Structures are given as structure tokens and as C-alpha cells.
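Read through the structure below, which is laid out as C-alpha cells, and then see the notes.
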Amino acid sequence: MSKAIPSMKIAIVSSEVAPYAKTGGLADVSGALPKALAQMGCDVKVFMPKYSTIDEARYDLHFEYGIGEMPVRVGGIPWSVHVQRTHLPRSSVEVYFIDCPHYFHRGKIYTSDHDEHERFILFSKAVIEALQYMHWAPDVIHCNDWQTALIPLLIKENYGWDRLFDGTASLLSIHNIGYQGLFAPGSLSAAEIRPEFSSPGGPAEKDGAACFLKAGILYSEVITTVSETYAREILSPEYGAGMEHTLRTRESDLHGVINGIDVDEWNPETDRYLPFHFSRKNLGEKIKNKEFLMEKVGLPFHRDRPLIGIVSRLVAQKGFDILADSLATLMQMDAQWVVLGSGEDRYQDMFHAAHRSLPHKVWAYIGFNNELAHLIEAGADMFLMPSRYEPCGLNQMYSLRYGTVPIVRKTGGLADTVWDWDELSYQGRDDGNGFTFNDTSSYALTTAVYRALQTYPHQETWAKIQQNGMNRDFSWKGSAKKYLRLYERAMQKRRG
């Protein structure tokens, strides 16, 4: 790594950033990565829309007088845009909010409105024009998902006249290939992008639709996704969501970087939601959290009977169709279950029915409760994630950090963070930290759960599996270092 990297100027552009606006893991990445990069000496600025749901007083937003009012054109109409500014909590990183009430004061982050494409065209153009007003040329613009994927094309085409961006490279992160920004043909005319770009076979056309994500894939210097395994998976028809052919043309520039987690928020030694703190050197206190949790939810406590936790969206993508086919067999095993989540009615109903028929064995909370999520991660003995696909996943990393042994399907980020104890033991290794299965079948799932339950009574072995998980470093520092190397690669490619 060159000595120039620590002074790198990075603009991170995202449709959601924690703690200001969040629907999923994208917000966590956009709120945590900038702080890790700043701690390494980078000059980082974050850009996001100013939604009406963001409390200006709570987050101390201030009008950016250095920019003032910007007329940003969308579909030939110059919309009035203002910029507000604050700092990420506990950080010097500046966050710039693109404020256009017509597009962003709608009570939610994403809509099904007819002008959804215009909302993020305006956002993308406003970010570029704000940089012009600031006379700040990033070395790299880090774009995230389809909402910002037009920026690499716009920088090179619509704003290619501005020498300010001659050395600015683009990196596009794909957090879920299933979301591609597909809109009616001709939608990109609102961005004043030449028609040939979205004509059949063009770099911004897919299956007869205008496609934001395809444009970003083809015009970014580097493309990343949120785990090494997912980077390989999305090159295949099974996982590529129809984008695999385009991705294969950029395969040498496609890289996987696993997300980090907030190790201050998720720390069993200091977690504010836990009645009993513990560490890998003091695992004995963990059982007290299990007892507390089971008393709280009304399950009978059995020290020697495993408790399996689930915290998830209850949808087919997360493998709950596989679990549904397995439920009768799983309920015959000697384990108890605590479930937290919401999603499709059939899976919510499934867990409600299991609780009614087996109240001593299953407890389910439909909805979200942050305190309960922390208590399950700390109090459960095992944590089940049977996902059909999982670009990164966070709960398996929380589980490993809390000595809660994950049982996961071997896909995406789950495959990169959870290593099967039995499989590695067969190879003469003792560094396994969980239990995995490959097939999307009830037999594969129940077999993995059965193996975990059979191992649980062997206390020394189980403690070793827990220690292996707790010894892993899942902080953002390691991931930020990988991004720095990829930023440098993008810069070298842009500047020849």
C-alpha cells in the first residue's frame, strides 16, 4: 500500500446512512465505513438525501451557506436544492444532506411513485454539483446500489467537461444484486443522458428497461459487493438476477469485502441491554443471560437443553420456506426456540402456531425489539440462519462475538464467516466456529441442527467452538483497509 493512501479524499454517496435514515444493512455500512476511513487519515465526506423523516434539531443540521441554493435540472426543470450539513456521531466526518422537498419530503425513504427514478437522478446530479460548488475533487466517489449508480456515467459524460473530476475514480458497491433500478424505457431522458445509452443493447438498458445499476457496473473503475463468496455467486444465473452476463465483462474488477459490525454496540463485555456481561475469558456469565431471557419470555429454563435463537426477516430469501418443511422434524429434537422477526404472514403464522402447540418449547415475537435482539444473541446457545442467499449477513457475526454458535447455510457472507466444526475436524483442524449446510433442503437443514445438538453436551468441544468465534475480529478496521486498497486500484485505473 502506497504512502499516498492516508491523505485520500473519499466521497461516500448513499440513499441511506445510519443513524439518520435506515431500512437495512446499507445504512450501517454508510454510517460506519466513513468513520473507520477517517481514523486511518482519509478526508471523508458523506452525501445522502434529506428526507422529511430526519429530525434536523436532533442531529444538529445546519444550512450550508458555502453552497446556498442550487438549481438542479431533472427532465429540463431546474429544481431548487439546498444542502444541510452535520457530523457523524462521535466523528469528525461531515455529512451533507441534499434537500429538495418536492422529491424527498414524502414520509419514507423509498416509494412506488411514478417519479422514483427522478428522485435519485436529482440526488446524483445534486451531489456532483455540490462538489463543484465546494471545489472539492474526491480521489474516489464510493457509490452504493442502484440509487447512486448513475454517478460514474454522469461524471464521465454529462460532467466530463469539468476538469475538476479528471482524476476522480468511481467505486460501486452492490449490496443486493436483486435491486437494479429498472424503469420504463426513456426514463434516463430525465437525467439528460443521451438516448443511445438506454437504447437496446446500450450500457444503461436491460431487458427493454432503463437500468441504473448496469450503467454503474459498466462505468465504475471498481465494483465491490459485501462478501467474497457473494462476488462469485452473482456471476452465476442462480444468484445473478439476470445481471451475471454484464458482471462477467467486469469480473477482473469485481471484489468482495465483508462488512464489519459496530463492535461498540455489539460487545458482550459492555452491552447496555445485558443484565450480565461476559467475555471469551469469562464465558461462565453467559448462562445467566440465558436464564434471564427464558424467564423474560416465559420458557422453562433448562441448563443442559440448548436454546436456538432466530432474529430475522421472516421471508423466503432468509430460508424460512426450508425451515417450514423441516419444522415437524425440528420440533421433535431436544431443543427450545426463541424467535424474533416479521415478514410474510405464512411464516409469522407458522411460529405462532408452533408456540400455541408447544408453549414450553417455542416462543415467538412478531415485530422488532432491539433489546430483545441483544438478549437473544447473548442468551441463546445457537443461532439459526438458513438463508437461500445472504450477500453479507450481520447476525452470524453478532452471534460469533457473543459465543452463540451459528448454524447457517453456506452462502454469501455466511460462508465467509462461519466454518463448519465437523468439516474442519475431519481435516485435522480445530478452528471451526459453527455448523453449515449446502443444499436448500429440509434434510440438509435438520442434519446441521442435529450435528450441533449432538456436539453441545461435549463441554470442552463446545467451549472451543465458542472461543474460535469470539476470537475473530469483525470490526470495520479490517474491511476499511481492504477498501483503501481498492480505492487505490480505482485511482490507478482512472489515471492510467
- Item | Failed criterion for I193 (all others in (1) surrounded by 24 or more Cβ atoms within 10 Å (Cβ to Cβ); (2) over 30 Å from T417 (Cα atoms); (3) among the β-branched types (V, I, T) hold) | (1)
- Out of the residues in the range 247-279 that are closer than 12 Å to M397 by Cβ and aliphatic (A, V, I, L, M), which is farthest from the chain's Cα centre (by Cα)? V263
- Query: Just one of the numbered conditions (1) under 27 Å from P101 (Cα atoms); (2) in a helix (DSSP H, G or I) is not true of L164; which one?
  - Reply: (1)
- Task: Please specify each residue of the range 264-313 satisfying the condition of being at pLDDT below 95, out of contact with any helix residue (DSSP H, G or I) (no Cβ under 8 Å at 6 or more places or on another chain) and within 17 Å of R401 (Cα to Cα).
- Result: D264, E265, K281, N282, G284, E285
- Message: Step by step: first the residues of the range 1-18, then only those that are part of a loop (DSSP other than H, G, I, E, B) and modelled with pLDDT of 95 or more, then the one that is surrounded by the most Cβ atoms within 10 Å (Cβ to Cβ). Which residue is that?
- Response: S14
- Note on the structure: In the set E221, E205, the lone residue that is crowded, with 17+ Cβ neighbours inside 10 Å, closer than 13 Å to I151 by Cα and of a type in the set (D, E) is E221
- Message: Pairs please, first residue from the range 103-114 and in contact (Cβ under 8 Å) with a residue 12 or more places away in the chain and of a type in the set (F, W, Y), second anywhere and surrounded by 13 or more Cβ atoms within 10 Å (Cβ to Cβ) and in a loop (DSSP other than H, G, I, E, B), Cβ atoms under 6 Å, 6+ apart in sequence or on different chains.
- Response: F104/K50; F104/Y51
- Filter result (within 18 Å of K9 (Cβ to Cβ) and among the basic types (K, R)) within the range 69-101: R85
- Complete set of residues in the range 312-358 that are in a strand (DSSP E or B) and buried (at least 20 other Cβ atoms within 10 Å of the Cβ): S312, L314, Q336, W337, V338, V339, L340, G341
- Item | Of all residues making up the range 139-148, the number that are in contact with a strand residue (DSSP E or B) (Cβ under 6 Å, 6 or more places away or on another chain) and surrounded by 23 or more Cβ atoms within 10 Å (Cβ to Cβ) | 6
- Message: Return the residues of the range 370-386 that are among the small types (G, A, S), buried (at least 24 other Cβ atoms within 10 Å of the Cβ) and over 19 Å from D473 (Cα atoms); say none if nothing qualifies.
- Response: G379, A380
- Listed by range, helices (runs of 4 or more DSSP H) wholly within the range 378-495 having at least 1 residues that are more than 30 Å from E221 (Cβ to Cβ) are 395-401, 421-426, 442-455, 459-470
- Item | Of the criteria (1) free of Cβ contacts under 8 Å to residues at least 60 places away in the same chain; (2) over 20 Å from V44 (Cβ atoms); (3) part of a helix (DSSP H, G or I), which one Q132 fails | (2)
- Item | Condition met for T417 (of a type in the set (S, T, N, Q), without any contact (Cβ under 8 Å) to a residue 60 or more places away in the chain and either within 27 Å of I287 (Cα to Cα) or not assigned by TED's automatic domain parsing to the domain that holds L307 (or both)) | no
- Task: May I ask you to say which residue of G393, G367 is surrounded by fewer than 24 Cβ atoms within 10 Å (Cβ to Cβ) and in the same structural domain as R303 (by TED's automatic domain parsing)?
- Result: G367
- Task: Give the residues of the range 359-373 that are assigned to a helix (DSSP H, G or I) and either among the small types (G, A, S) or at pLDDT 95 or above (or both), sorted by residue number.
- Result: E371, L372, A373
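The values are calculated or read from the model by the stated rules, or taken from the named source; none is laboratory data. Being a predicted model, the structure only gives us computed values, none of them experimental. Quick reminder, even Gly has a Cβ in these numbers, built from the backbone with ideal geometry, and neighbours come from all protein chains shown.
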